[in-house]
Amino acid sequence: MLLTGSEITALVGVWIWPLFRIGAMVMAAPVFGAQSVPAKVRLMLALAITVVVAPLLPAAPQVELLSPLALMLIVQQVMIGVLLGFTVQLVFSAVITGGQIVAMQMGLGFSVMVDPQNGTQAPVLSQFYVLMVILVYLSLNGHLLLVEVLVDSFRSMPVGANGLVPESFHQVAIWGGNLFAGGLALALPAIASLLVVNITFGIMSRAAPQLNLFAIGFPVTMMLGFAVIYITLASSLPQTNGLFNDVFYLLRRLMTGAA
């Protein structure tokens, strides 16, 4: 069986172009792209998704693999995949930000550990919130929904057609403001409660300067912080669910060119 050069290029293009987009998404997406997941596992996952998805996609353009146009297509596919994964990652960054704010207010800012999701140092309280959000993300089938958005992007934004426009990155940058808004909304009950406690201790220090408020205030603040977390934990789940709904709505707009 003899194959011509154009037939080999077409055969390879069926798999190689989707692989770049899918691989970039897997590397940047939450859970899939966590630093605790070995690179070989991520690569095998990207290959498995490509094998399942590639036969269902529109025909890829026949482009010489060692040409400047092929390099442009690779950059285009990688940018689309990274945008998909990075945008969802912003929700987890918002939760980490909220956990850091609460930890600082409680006096637990010194208690840090390595974040398995990003490979950076983060307060232990942030890790607690991140684990909770990961469970919410998986229970809502967010990972499957992200793959669905990825597959739909090949139909609305096929390989070789016009890729992302500057307005898409602008929309992601604007939505990135939710990183701080979502984190503040998560930490607001603790901030308000602990602010009242700090004001109370300030009044007590003025009324009775002989009291050792540092020895008293630190454990009281920490205990109250844990109580506030316990009380407000259930209300933080709808906030996280709303962030996920917003981010997937944004991704569908971006992938359909409606940004």
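Bear in mind that the values in this text are calculations on the coordinates, not laboratory data. All figures in this text were calculated on a predicted structure; none of them were measured in a lab. Here the Cβ positions follow ideal geometry from the backbone for every residue, glycine too, while neighbour counts run over all protein chains shown.
The figures follow:
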{"read-out": "Listed residues A70, I199, L146: farthest to the positive end of the dipole of region 5-255 (Cβ charges)", "value": "I199"}
{"read-out": "Tensor-based shape of region 182-237 (alpha-carbon gyration tensor, a/c under 1.5 rounded, otherwise prolate or oblate)", "value": "prolate"}
{"read-out": "Global geometry of region 5-255, whether rounded, prolate or oblate, following the gyration tensor of its Cα atoms and the 1.5 cut on a/c", "value": "prolate"}
{"read-out": "Unit charges at the beta carbon, dipole of region 5-255: most positive-side option, A59, V82, N178", "value": "N178"}
{"read-out": "Cα gyration tensor shape of region 32-102, rounded if a/c is under 1.5, else prolate or oblate by comparing a/b with b/c", "value": "prolate"}
{"read-out": "Footprinting exposure proxy for T200, T87 (fewest neighbouring C-beta atoms within 10 Å first)", "value": "T200, T87"}
{"read-out": "Neighbourhood charge, 15 Å Cβ-Cβ cut-off, centred on V53 and excluding it, Lys, Arg +1 and Asp, Glu -1", "value": "0"}
